[in-house]
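Worksheet: the structure to be examined is printed underneath.
The values are calculated or read from the model by the stated rules, or taken from the named source; none is laboratory data. These numbers come from a predicted model, not from an experiment. With ideal geometry, Cβ positions are generated from the backbone for all residues, glycine too; neighbour counts draw on all protein chains shown.
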Amino acid sequence: DTAVSQTPKYLVTQMGNDKSIKCEQNLGHDTMYWYKQDSKKFLKIMFSYNNKELIINETVPNRFSPKSPDKAHLNLHINSLELGDSAVYFCASSWGLAGGYEQFFGPGTRLTVL
Amino acid sequence: QKEVEQNSGPLSVPEGAIASLNCTYSDRGSQSFFWYRQYSGKSPELIMSIYSNGDKEDGRFTAQLNKASQYVSLLIRDSQPSDSATYLCAVVGNQFYFGTGTSLTVIP
């Protein structure tokens with residue numbers, strides 16, 4: 001069984017469109033995250049949710065809006081897509097917020113904006 | 001200054017050699033340290049965690065932590081071509097910070 005799953009795996013779209021990426025974890029974790037990994041492989045945290053509450057909101061454009069309907073799901077909606085949004089987006093989850101808990105990553109969504 | 005810095009790669013070692021990956025961090029209050037491995041096109045996967053000063057060994061992998069020097073390293077003994085990947089250091093204080101990664105190639 002997949003622990004952290006994301007859909008879609010690939011997303012190719014035009015500039016200006018709106019798109020969503022879905023994430024689900026079946027590990028029973030309390031905390032979920034969204035990361036952006038650029039072409040240089042740097043993993044940058046975007047958002048963190050703990051029990052459906054937004055905890056960390058790094059400096060990302062407000063075109064990005066996370067939504068957590070329950071603690072097993074954290075979706076990412078992106079409005080007015082731009083070329084610079086092209087990257088791999090990873091969802092992750094852990095037992096607690098930061099602390100000593102490892103994060104488990106989803107397979108990633110490769111977003112290409114044309 | 002970035003919160004977590006890793007030695008710049010890429011790093012190439014011959015098969016059977018020891019690969020040494022280094023990481024320094026800026027937050028003295030950091031308490032948890034992780035090494036992740038990421039194969040090309042895949043997601044990061046945890047290979048080692050370390051929480052206290054000293055060495056921690058797991059098979060061919062040894063993590064070393066020195067909080068006074070704000071330094072954590074990963075040694076891979078008897079390197080195999082299957083170890084070729086990007087290695088990410090993660091440091092946790094009040095937040096999870098990843099380094100920029102070091103690309104390792106093990107040459108058969």
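State whether one or more residues within the stretch B:14-21 are surrounded by 21 or more Cβ atoms within 10 Å (Cβ to Cβ), farther than 29 Å from A:Cys91 by Cβ, in contact (Cβ under 8 Å) with a residue 60 or more places away in the chain and within 15 Å of the chain's Cα centre (by Cα).
Checked the stretch B:14-21: at least one residue is surrounded by 21 or more Cβ atoms within 10 Å (Cβ to Cβ), farther than 29 Å from A:Cys91 by Cβ, in contact (Cβ under 8 Å) with a residue 60 or more places away in the chain and within 15 Å of the chain's Cα centre (by Cα).
Tally up the residues in the stretch A:1-20 that are in a loop (DSSP other than H, G, I, E, B) and within 12 Å of chain B (Cβ to nearest Cβ), please.
Selection size over the stretch A:1-20: 3.
Are any of the residues in the stretch B:39-47 over 24 Å from A:Gly106 (Cα atoms) and in a strand (DSSP E or B)?
No - not one qualifying residue is present in the stretch B:39-47.
Among the residues of the stretch B:26-40, what is the count of those that are of a type outside the set (Asp, Glu), more than 16 Å from B:Leu104 (Cβ to Cβ) and within 14 Å of another protein chain (Cβ to nearest Cβ)?
Final tally of qualifying residues: 6.
Quick check on the stretch B:25-36. Is at least one of its residues free of Cβ contacts under 8 Å to residues at least 24 places away in the same chain, in a loop (DSSP other than H, G, I, E, B), of a type in the set (Gly, Ala, Ser) and more than 30 Å from A:Tyr10 (Cβ to Cβ)?
no
Filter the stretch A:68-89 down to the residues that are surrounded by 13 or more Cβ atoms within 10 Å (Cβ to Cβ), of a type outside the set (S, T, N, Q) and under 25 Å from A:His29 (Cα atoms) and list them by number.
Selection gives A:Lys71, A:Ala72, A:His73, A:Leu74, A:Leu76, A:His77, A:Ile78, A:Val88, A:Tyr89.
Hey, could you check the stretch A:62-79 for residues that are farther than 17 Å from A:Pro8 by Cα and of a type in the set (Lys, Arg) and say which is modelled with the lowest pLDDT?
In this case the residue turns out to be A:Lys71.
Go over the candidates B:Gly9, B:Gly59, B:Gly93 one by one and state the one that is closer than 23 Å to B:Pro108 by Cβ, in contact with a Gly (Cβ under 9 Å, 6 or more places away or on another chain) and either within 14 Å of chain A (Cβ to nearest Cβ) or of a type in the set (Gly, Ala, Ser) (or both).
One residue alone meets the criteria, B:Gly9.
Every residue in the stretch A:32-54 that is within 12 Å of another protein chain (Cβ to nearest Cβ), of a type in the set (A, V, I, L, M, F, W, C) and surrounded by fewer than 18 Cβ atoms within 10 Å (Cβ to Cβ), please.
A:Phe42
Tell me the residue from A:Arg110, A:Arg63 that is at the interface with chain B (Cβ under 9 Å from one of its Cβ atoms), more than 9 Å from the chain's Cα centre (by Cα) and under 15 Å from A:Lys19 (Cα atoms), please.
Going through A:Arg110, A:Arg63 in turn, the sole match is A:Arg110.
All but one of (1) away from chain B (no Cβ under 11 Å); (2) in contact (Cβ under 8 Å) with a residue 24 or more places away in the chain; (3) more than 21 Å from B:Gln38 (Cβ to Cβ); (4) surrounded by fewer than 20 Cβ atoms within 10 Å (Cβ to Cβ) hold for A:Gly96; state the number of the condition that does not hold.
That leaves (1) as the condition not met.
Does A:Asp70 qualify as being out of contact with any strand residue (DSSP E or B) (no Cβ under 6 Å at 6 or more places or on another chain) and free of Cβ contacts under 8 Å to residues at least 24 places away in the same chain?
Yes, satisfied.
What's the number of the condition B:Ile50 fails, among (1) touching a residue at least 24 places away in the same chain (Cβ under 8 Å); (2) within 12 Å of the chain's Cα centre (by Cα); (3) within 11 Å of chain A (Cβ to nearest Cβ)?
Among (1) touching a residue at least 24 places away in the same chain (Cβ under 8 Å); (2) within 12 Å of the chain's Cα centre (by Cα); (3) within 11 Å of chain A (Cβ to nearest Cβ), the lone unmet condition for B:Ile50 is (1).
Hey, can you tell me all the residues within the stretch A:29-49 that are of a type in the set (A, V, I, L, M), within 19 Å of A:Thr112 (Cβ to Cβ) and at pLDDT 90 or above?
A:Met46
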